[in-house]
Amino acid sequence: MKPTITAYCWASGLIEFGHTLPEGALPIITGKEKDVRDEVEVLARLAYNGDLLVPGIPEAADQNEAREALERFSRVIQERLKHPNKRKFK
């Protein structure tokens, strides 16, 4: 069995990975470590300091926009993992 990992983010949009979900963090996806890291690292925004960010959260005007950005990002990641050969999503 391959190790599983959870990608999660903080309210700031900072993405981190771990085997458990810390209190206050928002889950993005859980799955095989290599698959999750590969997809998240490709689709996330790279900050100047090398941190991964959920696209849309840092510039969101309010928490609703940030939530929508997280839901959209999570949905795209899940679809890419579910259908690895399909690359266009709505």
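No value in this document is a laboratory result; all are computed from the given coordinates. Everything numeric in this text was worked out from a predicted model, so none of it was measured. Virtual Cβ from ideal backbone geometry, glycine too; neighbours counted across all protein chains shown.
Loop sites here are chymotrypsin sites (Phe, Trp or Tyr not before Pro) outside DSSP states H, G, I, E and B with no more than 15 other Cβ atoms within 10 Å. The longest part of the chain free of them is 49-88.
Calculate, in nm to one decimal, what E23 and E71 gain on full extension: separation in residues at 0.36 nm each, minus their alpha carbon distance. Separation in residues times 0.36 nm, less the Cα-Cα distance, equals 15.4 nm. With helices as the sole contributors, the chain gives -11500 deg cm²/dmol at 222 nm; each DSSP H run of n ≥ 4 counts as -39500 (n - 2.57), and the sum is divided by every residue.
With contacts taken as Cα pairs under 8 Å at a separation of at least 6 residues, the chain carries a relative contact order of 25 percent. For the chain, the Cβ-based charge dipole about the Cα centre amounts to some 640 debye (Lys, Arg positive; Asp, Glu negative; other atoms uncharged).
Sorted ascending by nearby beta carbons within 10 Å, beginning with the fewest, L14, L46 become L46, L14. Principal semi-axes of the equivalent ellipsoid, √(5λ) from the alpha carbon gyration tensor of segment 4-82, are 18, 13, 13 Å from largest down.
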